[in-house]
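The values are calculated or read from the model by the stated rules, or taken from the named source; none is laboratory data. Since this is a predicted model, take the numbers as computed values, not measurements. Ideal geometry is used to build each Cβ from the backbone, glycine not excepted, and the neighbour counts take in all protein chains shown.
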Amino acid sequence: MTEELLERPAVKRVAETLAAAGSEATVIVLSDTARTAEDAASSLGCELGAIVKSLVFAIGGQPVMALVAGDKRCNTKALPAALGMTGKAKRADADIVRETTGFSIGGVAPVGHLNAIPLVIDQSLLRFEVVYAAAGHPHCVFATSVAELSALTGADVSDTLAE
């Protein structure tokens, strides 16, 4: 199952994006699902807050992504300002998520998107030296740091994003 998952196009896109950026992060295939932050933390044996939730919203029709700690909720009222935008943030539906990122909900990675998307990172993730993000499939993640995540995505870290 491991080799089969690593060959899936979405997972390969994440691995290739990490490698192209010079990251030493590799895709980890889990025996249990990482579809939710709770599932991922349980599968990895780590704190819930060390899981990066890649959440897609739309602000004025523009898809955006918030990278939020697994034990926090995204403050959608603060999201537009954190991205330097105006308007209301609304949760994107599954079709928009797939169309924009190329990933299905449950495996949305913060890197390797089909289309450029504005991103912002929750400051509370800085509590952890190592954080885990989805890697294109509900059984795949990669370990990284917030600094590397910021470098990989070009995203700023915001202290108003999570609640």
- Note on the structure: Scanning segment 141-163 residue by residue, those more than 12 Å from the chain's Cα centre (by Cα), part of a strand (DSSP E or B) and touching a residue at least 40 places away in the same chain (Cβ under 8 Å) turn out to be Asp156, Ser158, Ala162
- Which of (1) assigned to a strand (DSSP E or B); (2) modelled with pLDDT under 95 is the odd one out, the single condition Glu38 does not satisfy? (1)
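This table checks each residue for (1) farther than 14 Å from Leu152 by Cα; (2) in contact with a Phe, Trp or Tyr (Cβ under 9 Å, 6 or more places away or on another chain).
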residue: Leu5; (1), (2): yes, no
residue: Lys12; (1), (2): yes, no
residue: Glu16; (1), (2): no, no
residue: Ala19; (1), (2): no, no
residue: Ala25; (1), (2): no, yes
residue: Leu30; (1), (2): yes, no
residue: Thr33; (1), (2): yes, no
residue: Glu38; (1), (2): yes, no
residue: Ser43; (1), (2): yes, no
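Which residue, of Gly60, Gly106, is surrounded by 15 or more Cβ atoms within 10 Å (Cβ to Cβ), small (Gly, Ala, Ser) and modelled with pLDDT under 95?
Working: Gly60 fails: surrounded by 15 or more Cβ atoms within 10 Å (Cβ to Cβ).
That would be Gly106, the only listed residue that is surrounded by 15 or more Cβ atoms within 10 Å (Cβ to Cβ), small (Gly, Ala, Ser) and modelled with pLDDT under 95.
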- Item | Residue pairs meeting the criteria (Cβ under 9 Å; at least 6 apart or on separate chains; first loosely packed, with under 12 Cβ neighbours inside 10 Å, in segment 73-97; second part of a loop (DSSP other than H, G, I, E, B)) | Lys77/Lys88; Gly84/Pro118; Thr86/Gly60; Ala94/Ser104; Ala94/Ile105
- For His137, all conditions in the list (1) in a loop (DSSP other than H, G, I, E, B); (2) touching a Ser or Thr at 6+ places or on another chain (Cβ under 8 Å); (3) under 15 Å from Ala40 (Cβ atoms) hold save one; what is the number of the exception? (2)
- Hey, any hits in segment 113-128 for a residue that's under 11 Å from the mean Cα position of the chain (by Cα), buried (at least 18 other Cβ atoms within 10 Å of the Cβ) and at pLDDT below 95? no
- Taking segment 1-22 and keeping only residues that are out of contact with any helix residue (DSSP H, G or I) (no Cβ under 6 Å at 6 or more places or on another chain) and in a loop (DSSP other than H, G, I, E, B), one is left with Met1, Glu7, Arg8, Gly22
- Note on the structure: Of the residues in segment 41-62, those that are in contact (Cβ under 8 Å) with a residue 60 or more places away in the chain and part of a loop (DSSP other than H, G, I, E, B) number 2
